[in-house]
Each structure stands twice: as structure tokens, then as C-alpha cells.
Amino acid sequence: MGIVDFTLACSYDDSQEYCTYDNPISESDVQIGYSLMFVVSKASELSKEKSFAHIEDLIVRVISHETIHIVILELEGRDLSDKLDDLEISITFGAGRTHLIRMNFLGYADDNTGLVTSTL
């Protein structure tokens, strides 16, 4: 069970672009996975700007991250799966300045697990 397809959508509110899992996919009445949904922002669509212009370097992390959501969803339910994105880790920059970074801020991940798990 994991990401087996992808879809594109556009947000109807003022949110930034984001990725999520959606659309359970079944074959012969057996669920085999979910779609990775790329949701482009309404503002970028209206202004004809590109959303996800630099996603190529992060796509493996995005797929891994959303697959972790799916596994938690199947084992524990949607509420707990959604809480994964609320977890934070303390990151120390430069002269000891500490920042809290959400675990789904994939630009700070140092591997392809789809999670920020260690300090820089």
C-alpha cells in the first residue's frame, strides 16, 4: 500500500501549493494504493505562474512522506496520520539560534525518508 498514481488539482482558497495523498485506487475490489495529488495554488493559476517549479529534487521525499501518511492511516486512522505534519524538530543554525521546523518541511530532510529527523 502506497503511492501508485498521481493527480493534479487546484485549490479554491488562498493556500499555497502542496502535495497530499488522495483517491484510493482499487483493482478487483482490492485497494492497492493512493494517488499523490499535486494541489496548485489558486493565485499561481490566476497569474499563470508555475507551481512546483523546483519539485524534481524533492519528489522522492514527497512520495516517501505521503506513503508514511498512508501507512499510519491504514494502521491508526486519519486523525493520527494527519498529526504527522504537526510534529516539530529543533534545528540550530549558525551562532546557536534554534528554530522549530515541522517534520514535513522536506527541504531540511537529509535523506529520502520524507521526514526531517536530525539537526543540520
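The values are calculated or read from the model by the stated rules, or taken from the named source; none is laboratory data. Everything numeric in this text was worked out from a predicted model, so none of it was measured. We place every Cβ from the backbone using ideal geometry, glycine too, and count neighbours over all the protein chains shown. SASA here: full protein model, heavy atoms, side chains in, ligands and nucleic acids out. Shrake-Rupley method; radii C 1.70, N 1.55, O 1.52, S 1.80 Å.
Below, the figures for the structure above:
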quantity	calculated
Filtered residues of region 1-48 (kept if open to solvent by 30 Å² or more (accessible area, probe 1.4 Å), among the small types (Gly, Ala, Ser) and in a strand (DSSP E or B))	Ala9, Ser26
Hits in region 53-92 - residues which are within 15 Å of Cys19 (Cβ to Cβ) and in contact (Cβ under 8 Å) with a residue 60 or more places away in the chain	Ile63, Glu66, Thr67, Ile70
Matching residues in region 94-103 - criterion: being in contact with a strand residue (DSSP E or B) (Cβ under 8 Å, 6 or more places away or on another chain) and either open to solvent by 60 Å² or more (accessible area, probe 1.4 Å) or within 30 Å of Gln31 (Cα to Cα) (or both)	Thr98, His99, Leu100, Arg102, Met103
Candidates Ala53, Ala109 - the one that is open to solvent by less than 90 Å² (accessible area, probe 1.4 Å), closer than 18 Å to Met37 by Cα and of a type in the set (Gly, Ala, Ser)	Ala53
Counted residues, region 92-120 - those being in a strand (DSSP E or B), out of contact with any helix residue (DSSP H, G or I) (no Cβ under 6 Å at 6 or more places or on another chain) and closer than 24 Å to Phe52 by Cβ	1
Check on Lys83, assigned to a loop (DSSP other than H, G, I, E, B) and of a type in the set (D, E, K, R)	no
Region 69-89 - residue that is more than 12 Å from the chain's Cα centre (by Cα) and β-branched (Val, Ile, Thr) and, of those, most open to solvent (accessible area, probe 1.4 Å)	Val71
Extreme residue, nearest to Asp14 (Cα to Cα), among residues of region 46-63 that are small (Gly, Ala, Ser) and out of contact with any Asp or Glu (no Cβ under 9 Å at 6 or more places or on another chain)	Ser47
Residue within region 97-107 that is free of Cβ contacts under 8 Å to residues at least 40 places away in the same chain and closer than 19 Å to Gly2 by Cα present	yes
